[in-house]
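Working notes, structure below.
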Amino acid sequence: MRSATSDEMRRLDRMASEEYGIPSLLLMENAGRGAAEAILPLVLPGSPVVVLAGKGNNGGDGFVIARHLHNRGLDVRVVLVARARDVEPVSDPGVNLEILRRMRIPFSEWTGGSPAPLDLALAGAGLVVDALLGTGLSGEVRSPYREAILAVNHAGKPVVAVDVPSGLDADTGRVLGVAVRAVKTCTFGLSKRGFGLADGPAHCGEVVVIDISLPRELLVGDS
């Protein structure tokens, strides 16, 4: 299957919603559930999974992943690199964050400052899920995401990236200041152009394309 740019993927997502009536919340659900299935083989029994989430759609995917891993009986902890109040309640990420809270999945906030709480969470992880920043990133990574990415890379734990390793330009494969180094990248709909360019291969690890139920006509007919 072909690869796509960030703009192409946004257009495909929009067409799926506007022309086919597929709600964006359903696409996020499919993405998170599919990624959770791809993550399961990497989880060691009894080993906690730490999901690092941003406040945008990539973080929303992470919330869905956390829910499905929790439902599989895994020890899952979510660290939001933002304030929960900054996640729009009626947005897709906001809906999934509220579900997470109602399920009482362990959840904390980290907004920068002392790295000790983040380092402690990562030190106890058997696997880290990177759901910080998605394909919309265009400029250099800023705080507190920069510090979070550095902490992830320093922790030396296996990392699965959600859609794209945070900090990697999905179109060019360039590192935007700092970028997560993943052992596996679960990307959605189509692979991304930058995964095979520049620094892409070194940061993506194994790339798995997750079917999120975009209509086949969009994936094979759009070029």
Legend entry - Tabulated pairs, the range 88-101, first modelled with pLDDT under 95, second not hydrophobic (A, V, I, L, M, F, W, C), C-beta under 6 angstrom, 6+ apart or interchain: E88/G94
Inset, instruction - Looking only at the range 41-51, decide whether some residue is assigned to a helix (DSSP H, G or I), farther than 24 Å from V141 by Cα and without any contact (Cβ under 8 Å) to a residue 60 or more places away in the chain. - result: yes
Inset, instruction - Output yes when any residue across the range 137-146 is crowded, with 20+ Cβ neighbours inside 10 Å, under 29 Å from R83 (Cα atoms) and at pLDDT below 95, and no when none is. - result: yes
Inset, instruction - Could you check, for the range 22-30, whether at least one of its residues is under 23 Å from V220 (Cα atoms), among the charged types (D, E, K, R), surrounded by 18 or more Cβ atoms within 10 Å (Cβ to Cβ) and within 17 Å of the chain's Cα centre (by Cα)? - result: yes
Inset, instruction - Name every residue in the range 182-206 that is under 13 Å from the mean Cα position of the chain (by Cα) and closer than 16 Å to L42 by Cα, in order of residue number. - result: A182, K184, T185, C186, C204
Legend entry - Filter pass, R181 being surrounded by fewer than 24 Cβ atoms within 10 Å (Cβ to Cβ), among the basic types (K, R) and touching a residue at least 40 places away in the same chain (Cβ under 8 Å): no
Inset, instruction - Would you mind telling me which numbered condition in (1) in a loop (DSSP other than H, G, I, E, B); (2) over 21 Å from A31 (Cβ atoms) R146 fails? - result: (1)
Inset, instruction - May I ask you to verify whether G156 is surrounded by fewer than 22 Cβ atoms within 10 Å (Cβ to Cβ), out of contact with any Asp or Glu (no Cβ under 9 Å at 6 or more places or on another chain), closer than 19 Å to A179 by Cβ and of a type outside the set (S, T, Y)? - result: yes
Legend entry - Failed item, numbered, when V129 is tested on (1) under 16 Å from T187 (Cα atoms); (2) in a loop (DSSP other than H, G, I, E, B); (3) aliphatic (A, V, I, L, M): (2)
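The values are calculated or read from the model by the stated rules, or taken from the named source; none is laboratory data. The model shown is predicted, which means the values in this text are computed figures rather than measured ones. We place every Cβ from the backbone using ideal geometry, glycine too, and count neighbours over all the protein chains shown.
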